[in-house]
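My questions will all concern the structure given below.
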Amino acid sequence: MHTLNYVIMALMKLTEEQIERVTAKILENLKNKGLVELKANEKTVLTKMNEVLTKDLSAEDALDREVDGMLDAHSSDVDSGAVDYRKVFNMVKHKLARERGIIL
């Protein structure tokens, strides 16, 4: 894997605490705008939201690793500058995500 990719992927990772803050803020905004009416207690809803977001982020991380592995097979083209790694990475990632029903 390319060093730049490790740095980018590390920056994209969210801690459990960050995920909890994000989901709490989303739920707060939805409630304040009157867009949701909870049928379960807020703690239960937040727990489920955290699970869903964590699962989605894990799926995207797995997809990133898979795409990176695919592109490593063509590392000579990337290293020679024949292709823009990030551009090809994003194209392949989005194609696989569409095929697999992963929302990025």
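The values are calculated or read from the model by the stated rules, or taken from the named source; none is laboratory data. In this text, all values refer to a predicted model and were calculated from it rather than measured experimentally.
So Leu35 clears everything in (1) part of a loop (DSSP other than H, G, I, E, B); (2) at pLDDT below 90 except one condition, right? Which one?
Result: Leu35 fails condition (2) only.
Listed here are the residues, each with its yes/no results for (1) modelled with pLDDT under 90; (2) assigned to a helix (DSSP H, G or I); (3) within 19 Å of Lys13 (Cα to Cα).
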site	(1), (2), (3)
Asp61	yes, yes, yes
Met70	yes, yes, no
Asp77	yes, yes, no
Ala82	yes, no, no
Val88	yes, yes, no
Glu99	no, yes, no
Ile103	yes, no, yes
